[in-house]
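Engineer: Following this message is one structure expressed as structure tokens.
Derivation of every value follows stated rules applied to the coordinates shown; laboratory data play no part. All of these numbers come straight from a predicted model, not from anything done at the bench. With ideal geometry, Cβ positions are generated from the backbone for all residues, glycine too; neighbour counts draw on all protein chains shown.
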Amino acid sequence: MTLSAYHTIGIIIAGVGLAGLGIPVVAAADEAGEIAAVRVATEKYKDVNVALGEGFIPAPPGDCVSAAAEGLPPEMGAMGIHYINPGMLKITATEPRVDGESIHTDFLKPAILLYEPQADGSLELVGVENLVFQKAWKEAGNDGPPVFAGRKWDAMADDANTAGDEAHNFASHFDLHVWAFRDNPDGALAPFNANVTCENFSGAAG
């Protein structure tokens, strides 16, 4: 059997497996392709100094966001430290919550970078994120949330009836995480990543 024949069989088997899980093969391939493009475009930010040089700063208050700290099951993991680009987010206020006018949706040029603190004090890039403020997004004529790789962005707004801050100190917004640099058992576009931890976080980033 030729190598091309083995390759064809492999594709068929993979497709059957995905279909059995209820995942459209084309959709899965499209998501993987888009995430791969994001990885290539943002790899330079593995060096946090590059991010700082381009205007990224730790999002106020500079903490490491974990599921446990948000009152969620600890096994969900963490998001890490968010480094935001105020210019791209068009920040207009930081109190009482970070607010702005961003409707930026390009993941090849993300407005937020996600870093995991390491034991030696360094930061490891694990993913990227974009965020649009709901008020600005709706004023721009949009009815529903943005979509990336076939997935609607998450709607985030703080619930005053819970102890955690579901909006993570931001005004009501839509956001989406892309775990381009760290495998996520819950999916590459899930909000939290069980393979990310804040255990090495020692204080406000900055």
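Engineer: Between Ala41 and Lys135, what is the label-to-label distance in nm when each label sits 7 Å out along the Cα-to-Cβ direction?
Structural biologist: 2.8 nm
Engineer: Next up: Can you tell me the order of 146-158, 178-190 when each peptide is scored by its average per-residue count of other Cβ atoms within 10 angstrom, highest first? Walk me through the intermediate numbers first.
Structural biologist: Numbers: 146-158: 16.0, 178-190: 17.8.
Highest mean packing first, the order is 178-190, 146-158.
Engineer: Would you order His104, His82 from fewest to most other beta-carbon atoms within 10 Å of each residue's own beta-carbon? Please list the in-between numbers first.
Structural biologist: Working: His104 19, His82 26.
Neighbour counts put them in this order, fewest first: His104, His82.
Engineer: Can you compute the radius of gyration and Dmax for segment 45-178, using only the Cα atoms, both in Å?
Structural biologist: Expressed in Å, the Cα Rg and Dmax of segment 45-178 come to 14.5, 47.
Engineer: Please compute the Kirkwood hydrodynamic radius over segment 108-182, one decimal place, Å, based on all pairs of different Cα atoms.
Structural biologist: Details: mean 1/r = 0.0717 Å⁻¹.
That comes to 14.0 Å for segment 108-182.
Engineer: I would also like to ask the following. For the pairs Lys46/Lys135; Lys44/Lys135; Lys46/Lys109; Lys44/Lys138; Lys44/Lys109, note any where the Cα-Cα span goes beyond 23 Å. Spell out each step's value before the answer.
Structural biologist: Numbers: Lys46/Lys135 32 Å; Lys44/Lys135 32 Å; Lys46/Lys109 14 Å; Lys44/Lys138 33 Å; Lys44/Lys109 11 Å.
As for pairs spanning more than 23 Å Cα to Cα, those are Lys46/Lys135; Lys44/Lys135; Lys44/Lys138.
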